[in-house]
Amino acid sequence: FSSAVTFLLFVNILLLLVGMFVETSAAILVLAPILTPIAISYGVDPVHFGIVMVVGLSIGMVTPPVAINLYVASSVTGIGLERIARAVIPYLITLIVVLIGVTYLPLLM
């Protein structure tokens, strides 16, 4: 990667994809020891990077195909999964904007 900006873009995409399929704490246990030293080498603050990881992976928990939080909401409310998935789209877009803001504007932390 040529800069911290491109590295963080790659990390955000990776975390969103991993978060779709792997539970958050397991993904942190696997990815943090690999990605944190690389982030530090690019000059990214470790606390900032940890927040980016948690936010990115938590967005994956409401993103299909696995979307464990949507399954829980469906079982608690009795509403179909498809209806909940459609209803969550505006919030998902907002969460991605927040992830971009937290990633590239560390003052928002």
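Residues of the stretch 52-67 that are in contact with a Ser or Thr (Cβ under 9 Å, 6 or more places away or on another chain) and of a type in the set (A, V, I, L, M, F, W, C): Val52, Met53, Val54, Val55, Leu57, Met61. All of Val62, Val30, Val72, Val22 fail the test of being under 20 Å from Ile100 (Cβ atoms) and either open to solvent by less than 30 Å² (accessible area, probe 1.4 Å) or out of contact with any Leu (no Cβ under 6 Å at 6 or more places or on another chain) (or both), apart from Val62. Remark: Pro64 matches the filter, which requires a residue to be in a loop (DSSP other than H, G, I, E, B) and either without any contact (Cβ under 8 Å) to a residue 60 or more places away in the chain or charged (D, E, K, R) (or both). Selection within the stretch 75-109: residues that are assigned to a loop (DSSP other than H, G, I, E, B) and open to solvent by 80 Å² or more (accessible area, probe 1.4 Å). The member of this set that is modelled with the highest pLDDT is Leu105.
The values are calculated or read from the model by the stated rules, or taken from the named source; none is laboratory data. Keep in mind the model is a prediction, meaning the values are calculated, not measured. Note that each Cβ is placed from the backbone with ideal geometry, even for glycine, and that neighbours are counted across all protein chains shown. Calculation scope for accessible area: heavy atoms of the full protein, side chains included, ligands and nucleic acids excluded. Shrake-Rupley method; radii C 1.70, N 1.55, O 1.52, S 1.80 Å.
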